[in-house]
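Read through the structure below, which is laid out as C-alpha cells, and then see the notes.
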Amino acid sequence: MRESGTAIGMVKQQEGQGTIRLQVNGEGRTASAGFTIADLLHELEIRPDRVAVEVNLEIVDQQEFERRGLCEGDRIEIISFIGGGTEE
Amino acid sequence: MNDDRLVIAGREFKSRLWVGTGKYKDFIETQKAIEASGADVVTVAVRRVNITDRSKENLLDYLDPKKYTILPNTAGCYTVEDAVRYARLARAAGVSDLVKLEVIGDERTLFPDTAGLIEAAKILIKEGFVVLPYTNDDPVVAKKLVDIGCPAVMPLAAPIGSGLGIRNPYNLKIILETVKVPIIVDAGVGTASDAALAMEYGADAVLMNTAIAGARDPIAMAEAMKYAVEAGRLAFKAGRIPRKLYATASSPIEGML
C-alpha cells in the first residue's frame with residue numbers, strides 16, 4: 001500500500017483548506033479538502049452510473065455522490081462488475 | 001417454445017440457459033459467446049474498479065443491460081458478512097435487486113457453506129433482494145431456502161468448473177420433485193449432454209460458465225449449449241418412454257412373408 005499516491009483535484013479549493021488523505025480501493029491518495037464522491041469519480045474518469053461507492057464501510061447512494069463530501073482518512077471503495085460466473 | 005417462459009419472482013425469461021461472463025479471452029469473445037448462447041440472464045462478479053489503469057474497458061459496455069438481465073453474484077465470498085456486503089454493493093451499482101448468492105465454504109471444492117447461505121439469504125430477503133442461492137444438491141437445504149423466501153434455488157451439478165456433469169442425479173430428482181420453485185442447475189456442466197440431461201430431468205434452467213468459456217471454441221460451444229437446453233426441455237415436456245429390459249419391435253409383424 002502506497003502512503004501517498006497521485007495528488008488529485010485542484011478544483012473546489014474554495015470549500016476547504018489544503019489537502020486530505022484518502023484510501024481509495026486500498027491505495028493512499030490525496031485530494032483537495034471539500035472534494036465530493038462525484039469529484040473523485042470524475043477525476044478517476046469513472047462513470048458514476050455503473051459503480052457503487054462505500055465510504056468507511058457505508059454504501060453511499062448514487063444520488064448522493066454530488067453532495068457527499070470526503071474527509072481526512074476516509075476509506076473509499078469503488079466497485080463495479082467484472083466477468084465472472086461463479087467463484088473464479 | 002415462446003409459450004414456455006421461465007418466470008421467477010414475476011420476471012419472465014425467454015432462455016433457459018443462463019451464462020457467466022468469466023474466463024473469456026476478451027470482452028469481444030464474451031459478447032459473441034453470450035449472443036450465440038441465446039441467454040438473456042448473465043451473471044457478473046462484483047470487484048474493485050481498477051483505478052490505476054483507467055483505460056480498462058467496462059464489461060457493461062459489451063452487455064447492454066437493456067438486452068440482458070444482469071445477475072450480480074457474490075463469488076469469492078466465504079462469510080455471511082462478505083456475501084451481504086457484496087450483494088448490497090451490487091444493488092447500489094444500480095443494475096437490479098437480483099443477486100446470485102454464494103457463500104463458499106471450502107477453497108478446494110468451492111462447495112457452498114449452506115448454513116452461511118441460509119443466514120445471508122434471510123438478511124438479504126428482509127432487505128428486499130430477490131435472492132437466487134447457489135447451493136448444494138441437498139433437498140433439505142433447498143427446501144429451507146424456499147421456506148425463507150428464495151423464489152428459485154440453484155443447486156450444483158458438480159463442483160464449479162469441474163465439468164463432471166450431474167454427480168448426484170437422484171438428489172437432483174428429489175429436489176425437482178419436492179421443491180416447488182424454479183430449479184436452476186448451476187455449476188459443474190461439462191458438455192452439451194450434461195445440460196440436456198439436467199433439462200430432461202425437469203430442471204427449469206441451467207447456468208454455466210466454464211463449460212462454454214473453457215471450450216476450445218467457446219462460441220460454438222455456446223451454440224451447442226443453447227440447443228442442448230432447448231432439446232432437453234422439449235424432451236422433458238414431451239415425456240420420455242419407459243426403460244425396458246427387452247426389445248419391443250417398432251415394425252408390425254402383420255404383412256410379413
Calculate the FRET efficiency for B:Asp147 and A:Thr30 from the Cβ-Cβ distance with a Förster distance of 51 Å, rounded to the nearest 0.05. 0.50
Those aspartates and glutamates that a straight Cα-Cα span of less than 14 Å connects to B:Lys180, excepting residues fewer than 8 apart in one chain: B:Asp147, B:Asp204
Please list B:Asp194, A:Asp49, B:Asp147, B:Asp3 from largest to smallest accessible area, probe radius 1.4 Å, with all protein chains kept in place. B:Asp3, B:Asp147, A:Asp49, B:Asp194
Taking a straight Cα-to-Cα line shorter than 18 Å from B:Lys67, and setting aside same-chain lysines fewer than 8 residues away, one finds B:Lys14, B:Lys32, B:Lys226
By accessible area with a 1.4 Å probe, ligands and nucleic acids excluded, highest first: order of B:Tyr86, B:Tyr246, B:Tyr134: B:Tyr246, B:Tyr86, B:Tyr134
Roughly how compact is the protein assembly as shown, stated as its Cα Rg over 2.2 N^0.38 Å to two decimals? 1.16
Tell me, what is the 1.4 Å probe accessible area of B:Thr52, in Å² to the nearest 10? 90
Expressed as a whole percent, how much of the Cα-Cα distance distribution for segment B:1-53 exceeds 12 Å? 71
Under 8 Å for C-alpha pairs, at least 6 residues apart: give me the relative contact order for segment B:101-180, rounded to a whole percent. 26
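Going from most exposed to least, what order do B:Glu254, B:Glu230 have by accessible area with a 1.4 Å probe? Kindly include the intermediate steps, with their values, before the conclusion.
Details: B:Glu254 170, B:Glu230 75 Å².
Sorted by accessible area, descending: B:Glu254, B:Glu230.
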Taking every alpha carbon pair in segment B:162-257, what does the distance histogram look like in 5 angstrom bins from 0, in percent? 3, 12, 20, 20, 14, 10, 7, 6, 4, 3, 2, 0
Summing -39500 (n - 2.57) over the DSSP H runs of n ≥ 4 in the protein assembly as shown and dividing by its residue number, what mean residue ellipticity at 222 nm do you reach, to the nearest 500 deg cm²/dmol? -8500 deg cm²/dmol
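The values are calculated or read from the model by the stated rules, or taken from the named source; none is laboratory data. Owing to the predicted nature of the structure, the values given are computational and were not obtained by experimental measurement. Quick reminder, even Gly has a Cβ in these numbers, built from the backbone with ideal geometry, and neighbours come from all protein chains shown. For the accessible areas, the whole protein counts, side chains as well, though only heavy atoms, and no ligand, DNA or RNA atoms are used. Shrake-Rupley method; radii C 1.70, N 1.55, O 1.52, S 1.80 Å.
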